[in-house]
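Read through the structure below, which is laid out as structure tokens, and then see the notes.
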Amino acid sequence: MQEIKLTSVVHSYDSLDDLPQVDKDLMNAAIGARGHAYAPYSHFYVGAAVLLDDGTIVLGNNQENVAYPSGLCAERTALFAAGANFPGKAVIKIAISAHSSDFEVVSPVYPCGACRQVMSEYEQLSKRPMEILMMGSSGGVHVVNGLINILPVAFNADNLKRK
Ligand SMILES: [Zn+2]
């Protein structure tokens, strides 16, 4: 038996102001996108901003539905919009911000498991690590460089190949 240790690296910033300007702009785009979230059930408004390799920013936000599982998270809304409208463009970064009308979201909000899986697919397509920037409605920002930090040993297309 062999023990395999997995390591994640998270860069923690105390404030949005501590980020490089390009990242601050992307997070501000995510914060703006949050304002158009459709979240009448959870009151949890999430915005996502995807940066493509040609500088294009694609926005998304959570879209809920009275039949709860029919809704979709902000991250997947943004990534699928990017894939649909800008096919072949590499995804460089995604910024995520969440706000609640019921409480203060002070900790960075990480993507759900399903969104991490979708991010992993686009990262593979993009052939480079995707940078993920996460924050709540206030407080600090967490940044990871690559899905490996939040979805290690991911299921990917290689698993479907015959050896
Ligand atoms: Zn999600």
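Coordinate-derived values only; no laboratory data. What you are looking at is a predicted structure, and each value in this text was computed from that prediction instead of being measured. Positions of Cβ are backbone-derived with ideal geometry, glycine not excepted, and every protein chain shown enters the neighbour counts.
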Practice problem: For the stretch 27-35, just list the computed ³J(HN,Hα) in residue order, Karplus coefficients 6.51, -1.76 and 1.60, θ = phi - 60°, integers in Hz, with x standing in for Gly and Pro. | Solution: 5, 5, 5, 5, 4, x, 5, 4, x
Self-check item: In order through the stretch 128-138: 3J(HN,Hα) via Karplus (6.51 cos²θ - 1.76 cosθ + 1.60), integer Hz, x for Gly, Pro
Solution: 7, x, 8, 8, 10, 10, 10, 8, x, 9, 8
Quiz item: Taking the chain as a Gaussian network, where each spring joins two C-alpha atoms under 10 Å apart, which residue of Glu104, Glu131, Glu121 fluctuates the most?
Solution: Glu104
Quiz item: Hey, in the GNM for the chain with a 10 angstrom Cα cutoff, which one of Lys24, Lys127, Lys89 fluctuates hardest?
Solution: Lys127
Quiz item: When a footprinting reagent is the concern and you count Cβ atoms within 10 Å, what order do Ile132, Ile94, Ile148 take, fewest first?
Solution: Ile148, Ile132, Ile94
Self-check item: Contact order normalised by residue count of the chain, Cα under 8 Å, 6+ apart, percent
Solution: 23
Self-check item: Dipole magnitude of the chain about its Cα centre (Cβ charges: Lys, Arg +1; Asp, Glu -1), debye to nearest 20
Solution: 720
Quiz item: Once amide H atoms are built 1.01 Å from N in the peptide plane, which residues 5 or more positions from Asp53, or in another chain, come under 5 Å H to H?
Solution: Ala90, Ile92
Exercise. For the chain, compute the number of Lys pairs whose alpha carbons are separated by less than 30 Å, excluding pairs fewer than 8 positions apart on the same chain.
Key: 14
Quiz item: Mind listing P(r) for the chain? All alpha-carbon pairs, 5 Å bins, whole percents.
Solution: 2, 9, 18, 22, 20, 14, 8, 4, 2, 1, 0
Quiz item: With charges only on Cβ, +1 for K and R and -1 for D and E, what is the dipole size of the stretch 60-140 about its Cα centre, in debye, rounded to 20?
Solution: 400
Self-check item: Equivalent-ellipsoid semi-axes of the stretch 1-90, from the Cα gyration tensor, Å, largest first
Solution: 25, 20, 17
Quiz item: Ser100's amide H: which non-local residues (gap 5+, or another chain) put their own amide H closer than 5 Å, with H modeled 1.01 Å from N in plane and none for Pro or chain starts?
Solution: Tyr45, Val105
Quiz item: Which value in deg cm²/dmol, rounded to the nearest 500, describes the helix-derived mean residue ellipticity at 222 nm for the chain, given -39,500 (n - 2.57) per DSSP H run of n ≥ 4 and division by the residue count?
Solution: -8000 deg cm²/dmol
Quiz item: So how far apart, in nm, are the two label points at Gln117 and Leu160 if each is 7 Å from Cα heading toward Cβ?
Solution: 1.2
Exercise. Please work out how much length the chain gains when fully extended from Val153 to Asn85, using 0.36 nm per residue of separation minus the C-alpha to C-alpha distance, in nm with one decimal.
Key: 21.5 nm
Quiz prompt | In sequence order, calculated HN-Hα J values of the stretch 40-45 (Karplus, 6.51, -1.76, 1.60; Hz; x Gly/Pro) | solution = x, 9, 8, 6, 10, 9
Quiz prompt | Surrounding net charge for Leu79, when Lys and Arg each add one and Asp and Glu each subtract one, Cβ distance under 13 Å | solution = +1
Quiz item: Rounded to the nearest 0.05, what FRET efficiency is calculated for Ser101 and Met1 with R0 set to 35 Å and r the Cβ-Cβ distance?
Solution: 0.10
Exercise. Give the angle, between 0 and 90 degrees and rounded to the nearest 10, that separates the Cα long axis of helix 74-85 from the longest principal axis of the Cα atoms of the chain.
Key: 70
Quiz prompt | Amide H partners (placed H, <5 Å) of Asn62, local residues excluded | solution = Tyr38, Val46, Ala74
